[in-house]
1. Counting other beta carbons within 10 Å of each Cβ, put V151, V58 in order, fewest first.
2. Quick one, can you get me the convex hull of the C-alpha atoms of region 81-232 expressed as volume per residue in Å³?
3. For S134, S163, S117, what ranking results if the residue with the fewest other Cβ atoms within 10 Å of its Cβ goes first?
4. Pairs to check: K108/K146; K14/K146; K146/K179. Give those whose C-alpha atoms are more than 20 Å from each other in this structure.
5. Show that you can apply the helix-only estimate: for the chain, add -39,500 (n - 2.57) for every DSSP H stretch of four or more residues, divide by all residues, and state [θ] at 222 nm to the nearest 500.
6. Could you tell me how many cubic angstrom of Cα convex hull volume region 176-332 has per residue?
7. How large is ³J(HN,Hα) for each residue in region 193-201, as worked out from phi by the Karplus curve 6.51 cos²θ - 1.76 cosθ + 1.60 (θ = phi - 60°), to whole Hz, x for Gly and Pro?
8. Work from the charge dipole of the chain (Cβ charges, +1 for Lys and Arg, -1 for Asp and Glu, about the Cα centre) and give the residue of I115, M56, L311 farthest towards its positive end.
Amino acid sequence: MFASSSLMLDIQQKLQHYQNHVEKALSRLSLPKEPTQLYEPIRYTLSLKAKRMRPMLVLLALDLFQKPLELGYNAVCGIELFHNFTLIHDDIMDNAPTRRGMPTVFAKWNTNTAILSGDATLVLAYQWLTDTPSAHLKKILEIFHKTALEVCEGQMLDLEFESRNDVTIPEYIEMIRLKTSVLLGCSLYIGALLADTSIENAQKLYDFGVKLGIAFQLQDDYLDVYADSTKFGKQTGGDIIANKKTWLLLKAKEIANPEQRKEIQACLDLTHPQEKVQKMKNIYEKLNIAQLAAQEIDILYQQSMRVLDALPNHIQTSTLRAFAHFLMNRER
């Protein structure tokens with residue numbers, strides 16, 4: 001699954017082509033000037049450095065079926081606006097002061113402004129999606145409505161998990177499927193509909209996106225503990241410090257013996273960040289959690305590749321595979 005640095009550079013250069021198209025599509029967004037307090041936070045959020053992963057998938061699906069990328073420009077704007085709506089509101093719920101190294105909207109302005117600006121961002125997302133010129137507009141809106149509700153369901157489950165001590169791994173996988181993965185699948189599905197391919201092909205791409213999204217989130221759990229923070233861009237062990245119920249923690253609880261479970265709980269009760277991270281990493285090492293997580297990530301990744309294998313032979317999936325490769329080869 002892991003690539004050489006030269007291959008990664010080649011993949012990055014290919015994906016830059018799609019990212020340029022995403023930025024070109026987003027450059028057409030013209031927001032009203034007044035009221036400033038409503039629209040300036042939206043401009044600010046969109047201006048923050050981002051991977052644009054979800055809107056890129058719309059274009060990747062179009063390119064898969066050799067259709068002009070410009071067909072997806074309105075959907076690109078809708079998907080990216082929706083994603084930013086979720087971020088604005090998530091940051092309020094998480095009380096997160098920064099995102100992408102910059103102040104969050106509620107921290108920079110205030111909570112009420114962030115709520116209203118987030119709401120307006122959602123309305124704008126619908127405006128752009130409904131302006132998509134396609135005979136499949138009804139199906140596009142159906143999948144988008146379904147996805148939008150599922151993202152909210154996933155966020156609620158995530159909030160519920162904070163106060164529960166009996167969360168299981170299947171429940172966690174379902175939460176990240178809803179909160180994170182379905183939007184990747186939705187982006188590919190919409191791109192496939194715009195490309196006028198079959199519903200069967202669109203569904204396969206959706207399934208690919210969902211599997212890849214779960215693998216991506218599990219890798220995020222892994223990297224939070226084991227990545228070089230200077231390369232990954234996040235505080236090492238941030239999830240441990242916050243007592244987040246990640247796959248790693250849930251797996252450790254699942255396979256630990258009674259004495260080890262007591263160690264885990266004692267570690268969760270610690271307040272000194274560095275001590276807490278180091279002790280939890282020691283527990284993970286005893287339980288072989290890093291290797292188990294890597295195996296699970298690879299299983300999900302290979303499942304996503306098999307979905308692409310099920311597409312008709314004449315469909316060239318090399319760029320999608322490169323995209324998946326890029327996502328799954330971040331610094332460990």
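Please treat every number below as a calculation from the coordinates, not as lab data. Because the structure is predicted, anything quoted here is derived from the model rather than measured. Because the Cβ atoms are built from the backbone with ideal geometry, glycine has one as well, and the counts that use them run over all protein chains shown.
1. V151, V58
2. Residue-normalised Cα hull volume stands at 131 Å³.
3. So the ranking, lowest neighbour count to highest, is S163, S134, S117.
4. Where the Cα-Cα span goes over 20 Å, the pairs concerned are K108/K146; K14/K146.
5. -23000 deg cm²/dmol
6. Per-residue hull volume (Cα only) is 114 Å³.
7. Once rounded to whole Hz, the list reads 5, 5, 7, 6, 8, 6, 4, 4, 5.
8. Farthest along the dipole direction, towards plus: M56.
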